[in-house]
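Chemist: Quick one: this structure, given as structure tokens, is what I'll be asking you about.
The values are calculated or read from the model by the stated rules, or taken from the named source; none is laboratory data. Since the structure is predicted, the reported quantities are computational estimates derived from the model, not experimental observations. Glycine also receives a Cβ, built like all others from the backbone with ideal geometry; neighbour counts cover every protein chain displayed. The protein model used for the area step is the full one, side chains on, heavy atoms only, and it has no ligands, DNA or RNA in it. Shrake-Rupley method; radii C 1.70, N 1.55, O 1.52, S 1.80 Å.
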Amino acid sequence: MAATGQWRRMGRLFEMAPALRRCPRVYSTSPAFAEVLRLPQKQLTKVLYPLRELAQHLVTDSGSGLIEQGLFDPSLEDIARAESIFEATARNRIEYLSSAVRLDHAPGLQQPEVCFIGRSNVGKSSLIKALFSMAPDVEVRISKKPGHTKKMNFFKVGKYFTLVDMPGYGYRAPEDFVDMVETYLKERKNLKRTFLLVDSVVGITKLDNIAVEMCEEFALPYVMVLTKIDKSSKGYLLKQVLQIQKFVNTQTQGCFPQLFPISLAQP
Ligand SMILES: Nc1nc2c(ncn2[C@@H]2O[C@H](COP(=O)(O)OP(=O)(O)OP(=O)(O)O)[C@@H](O)[C@H]2O)c(=O)[nH]1
Ligand SMILES: [Mg+2]
């Protein structure tokens, strides 16, 4: 079956891992990534390719096509290269720029922009904080309580792009949420990619559906990120992933076909 190809390719990646360890300067200067590369093979797969583990359980499942097509499969070099974008240096400044409650208060920037949207408490700010872990001077506030982020917060990621942390929709969303976020999504000229975060435990809610419809209506290229995958058993996560992948395959046009599953919990 098609999975065989995936496994073979994974074998090649693992063969490369010791090489990456030997010359970390070429691929990564991050101690955290070097630590991940030192993990035993099984744990390394779990951390970097969480859906692979689930794919094993689909050998006899008729839904297998869904997840194989949906596997996101960056190489170790790709991951290391992407990570280097978030490494704060004198030449690659990562900094908080400003906050806005209206689009016309947003910084007037030309460089590409990406934004993170999703229900309150889904983990938007946490993901951004994790992405900025190599920029300790940048403060990103997170909270256990939903509705914590009240404004659109703009961060500069070197010369590459601006990243925007949005308030969440749903419980304790700011009153002016629709004016703020819908207008931003509709009119922000340099918005290149929207990351729509969905809680993998909860699945796609009615409000997520509205967010999807909005992205579709405004013809935005967007990516679906499944958060908090550490909170489910393998069986439950598999069920959720299949359901969400089916939704993406059948109900969306502008959504990137592969899901991005994430966990910010320690492995
Ligand atoms: N178990 C687990 N908890 C997470 C994960 N990511 C975020 N959380 C927790 O989820 C809670 C909400 O996180 P935030 O990042 O503040 O959520 P948000 O989407 O920014 O929420 P608003 O600002 O209210 O819209 C916090 O208690 C985080 O610690 C994850 O991957 N696993
Ligand atoms: Mg937040």
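Chemist: Kindly identify the range 84-186 as rounded, prolate or oblate by the Cα gyration tensor criterion: order the square roots of the eigenvalues as a ≥ b ≥ c, call it rounded if a/c is under 1.5, otherwise compare a/b with b/c, prolate if a/b is larger, else oblate. Can you show the working numbers first?
Modeler: Working: a/c = 2.40, a/b = 1.38, b/c = 1.73.
It is oblate, given that a/c is not under 1.5 and a/b is not larger than b/c.
Chemist: Now for a separate question. Order 201, 212 by their accessible area, 1.4 angstrom probe, all chains in place, largest first. Can you show the working numbers first?
Modeler: On the way: 201 50, 212 5 Å².
Per-residue accessible area, sorted high to low, gives 201, 212.
Chemist: Carbon and sulfur together cover what percent of the accessible area of the range 91-267 at a 1.4 Å probe radius?
Modeler: Working: 4660 of 9100 Å².
Answer for the range 91-267: carbon and sulfur cover 51 percent of the accessible area.
Chemist: Across the range 183-193, in residue order, what do the Karplus-derived ³J(HN,Hα) couplings come to in whole Hz, using 6.51 cos²θ - 1.76 cosθ + 1.60 with θ = phi - 60° and x for Gly and Pro?
Modeler: So the J values, rounded to whole Hz, are 4, 4, 4, 6, 10, 5, 5, 8, 6, 9, 8.
Chemist: How charged is the neighbourhood of residue 162? Take every other residue with its Cβ under 14 Å from the Cβ of residue 162, and add Lys/Arg as +1 and Asp/Glu as -1. Before the final figure, lay out each step's value.
Modeler: Values: positive: 93, 156, 159, 188, 189, 192, 193; negative: 95, 113, 165.
Spelling it out: positives minus negatives among the neighbours equals +4.
Chemist: For the range 104-242, what percent of Cα pairs sit more than 26 Å apart? Show your work: numbers first, answer last.
Modeler: On the way: 2006 of 9591 pairs.
Pairs farther apart than 26 Å: 21 percent.
Chemist: While we're looking at this one, here's another question. In the structure displayed, which of 124/144; 186/228; 189/246 lie more than 19 Å apart, Cα to Cα? Don't skip to the answer; put the middle values down first.
Modeler: Numbers: 124/144 12 Å; 186/228 28 Å; 189/246 31 Å.
Beyond 19 Å between Cα atoms: 186/228; 189/246.
Chemist: Please turn the phi angles of the range 109-118 into ³J(HN,Hα) values with the Karplus equation 6.51 cos²θ - 1.76 cosθ + 1.60 (θ = phi - 60°), one per residue in order, whole Hz, x for glycine and proline.
Modeler: Values, residue by residue: 10, 9, 5, x, 10, 10, 10, 10, 10, x Hz.
Chemist: Can you compute the modelled spin-label distance between residue 110 and residue 252, with each label point 7 Å from Cα toward Cβ, in nm?
Modeler: Simple spin-label model gives 3.2 nm for this pair.
Chemist: Something else about it: Taking all pairs of different Cα atoms in the range 160-267, averaging 1/r and flipping that mean, what Kirkwood radius in angstroms comes out? Walk me through the numbers on the way to the answer.
Modeler: Numbers: mean 1/r = 0.0673 Å⁻¹.
By the Kirkwood definition, the hydrodynamic radius is 14.9 Å.
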